[in-house]
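Shown next, in structure tokens, is the structure this report addresses.
The values are calculated or read from the model by the stated rules, or taken from the named source; none is laboratory data. Everything numeric in this text was worked out from a predicted model, so none of it was measured. Neighbour counts are summed over all protein chains in view; Cβ atoms, including those assigned to glycine, are modelled from backbone coordinates with ideal geometry.
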Amino acid sequence: MKMKKFIAILSIVSMMAVAATGCGSSDTSSDASSSTEGSSSEASTGDWDAASAITVVSREEGSGTRGAFTELFGVVDDDDNDMTTLDAQVTNNTSVMMTTVSENEYAIGYISLGSLDESMVKAVKIDGAEATAENIENGTYKVSRPFNVAMKPDLDNAVAKDFMAYIMSTEGQEVVAEEGYIPVSDVEAYAGEAPEGSCVVGGSSSVSPLMEKLIEAYKSVNPNASIELQTSDSTTGMTSAIEGSYDIGMASRELKEEESAELEGTVIATDGIAVIVNQANPTDDLSVDQVKSIYLGDVTTWDAI
């Protein structure tokens, strides 16, 4: 009798063990299935979907890059008013523009060619031409604009004047070329007097990286000078030079008529505007008309290109 009870108890224990094992196996299988489904879902988010909406990214109003871009691509009305779609995300400088596009697979933006970081974003060809300094020079890449600096004609600042002489010298224009911009031709060697003092240079965030390099190079020939660089936008650069808070203003566009009436402008380099997309975007070439349609808001998905 005792033996029968023992066998019965042993059978019950065995059945419970099997049931427990079955439950554990089921949970493991469920977890694995869940994990697989999660991996599949994550993988699918990395696949390019041409039917997705285009994220249009633009610069802020007052930006010389925005002004040159809208003019060159025709994103303006008959009175030259900016017609960039109201759905565009607005960024306030070059680095934020690149970061924004690099973090969104469906974004499109534009920056100074000289500031392009190909480890972050991809510059597309425009009408079959690559965005390079060489193609700007030979005329095949037509999306380019001047880098202007401007001062009051009667400015009484020896350092500002001497720095301008350095920028427009052989040495200064070598810096321009080294940084990937088109230099000015017919320049002569720097023959300044290295005056003591200080000056303030400010304006366009597109011109600012080049200006920083020019200031560094100038300090090597004139350690007596102190030059402060303030980065804002082209319009602020010109208005501040007119008002006197900047000795030298920077603009990544042509000077407006009212600015030219107050300031003496000088083109220190020619720069291209690169149209950029996320590196996951398979798009390699766009026409001027396609870019225009995107920024007007007429084309809203990548499969419509």
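When restricted to residues that are part of a helix (DSSP H, G or I), touching a residue at least 60 places away in the same chain (Cβ under 8 Å) and loosely packed, with under 15 Cβ neighbours inside 10 Å, region 112-136 contains 0. Determine whether Ser205 is polar (S, T, N, Q) and either more than 30 Å from Arg59 (Cα to Cα) or at pLDDT 95 or above (or both). No.
Please tell me if Gly265 is touching a residue at least 60 places away in the same chain (Cβ under 8 Å), more than 26 Å from Gln173 (Cβ to Cβ) and either in contact with a Phe, Trp or Tyr (Cβ under 8 Å, 6 or more places away or on another chain) or not β-branched (Val, Ile, Thr) (or both). In short, no.
Quick grid of which residues meet (1) small (Gly, Ala, Ser); (2) under 24 Å from Glu258 (Cβ atoms); (3) modelled with pLDDT under 95:
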site: Pro183; (1), (2), (3): no, no, no
site: Asp186; (1), (2), (3): no, no, yes
site: Gly192; (1), (2), (3): yes, no, yes
site: Pro195; (1), (2), (3): no, no, no
site: Asn222; (1), (2), (3): no, no, no
site: Leu229; (1), (2), (3): no, no, no
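Residues in region 137-170 that are under 23 Å from Ser198 (Cα atoms) and among the charged types (D, E, K, R): Lys152, Asp154, Asp156, Lys161, Asp162.
Looking only at region 207-221, residues that are crowded, with 21+ Cβ neighbours inside 10 Å and touching a helix residue (DSSP H, G or I) at 6+ places or on another chain (Cβ under 7 Å) come to 3 in all.
Checking Val149 against (1) under 28 Å from Ser260 (Cα atoms); (2) touching an Asp or Glu at 6+ places or on another chain (Cβ under 7 Å); (3) surrounded by 15 or more Cβ atoms within 10 Å (Cβ to Cβ), which single condition isn't satisfied? Checking Val149 against (1) under 28 Å from Ser260 (Cα atoms); (2) touching an Asp or Glu at 6+ places or on another chain (Cβ under 7 Å); (3) surrounded by 15 or more Cβ atoms within 10 Å (Cβ to Cβ), the one that fails is (2).
When Gly180, Gly109 are checked against the criterion of being in contact (Cβ under 8 Å) with a residue 24 or more places away in the chain, within 30 Å of Val57 (Cβ to Cβ) and surrounded by 20 or more Cβ atoms within 10 Å (Cβ to Cβ), Gly109 stands alone in meeting it. Where residues in region 75-87 are in a loop (DSSP other than H, G, I, E, B) and touching a helix residue (DSSP H, G or I) at 6+ places or on another chain (Cβ under 7 Å), which of them is nearest to Ser287 (Cα to Cα)? Within region 75-87, the match that is nearest to Ser287 (Cα to Cα) is Val75. Ala150 meets each of the listed conditions (1) of a type in the set (A, V, I, L, M); (2) in a helix (DSSP H, G or I); (3) under 30 Å from Ser245 (Cβ atoms) apart from (2).
Cβ separations smaller than 6 Å between residues 6+ apart or across chains give the following pairs from region 140-165 residues that are charged (D, E, K, R) to residues that are modelled with pLDDT under 95 and part of a helix (DSSP H, G or I): Arg145/Ala68.
Residues in region 185-201 that are surrounded by fewer than 18 Cβ atoms within 10 Å (Cβ to Cβ) and within 18 Å of Val267 (Cβ to Cβ): Ser185, Asp186, Val187, Glu188. Scanning region 266-305 for residues that are part of a strand (DSSP E or B) and over 30 Å from Met164 (Cβ atoms) yields a count of 6. Checking each residue in region 260-278 for being more than 19 Å from the chain's Cα centre (by Cα) and among the polar types (S, T, N, Q) picks out Ser260, Thr266.
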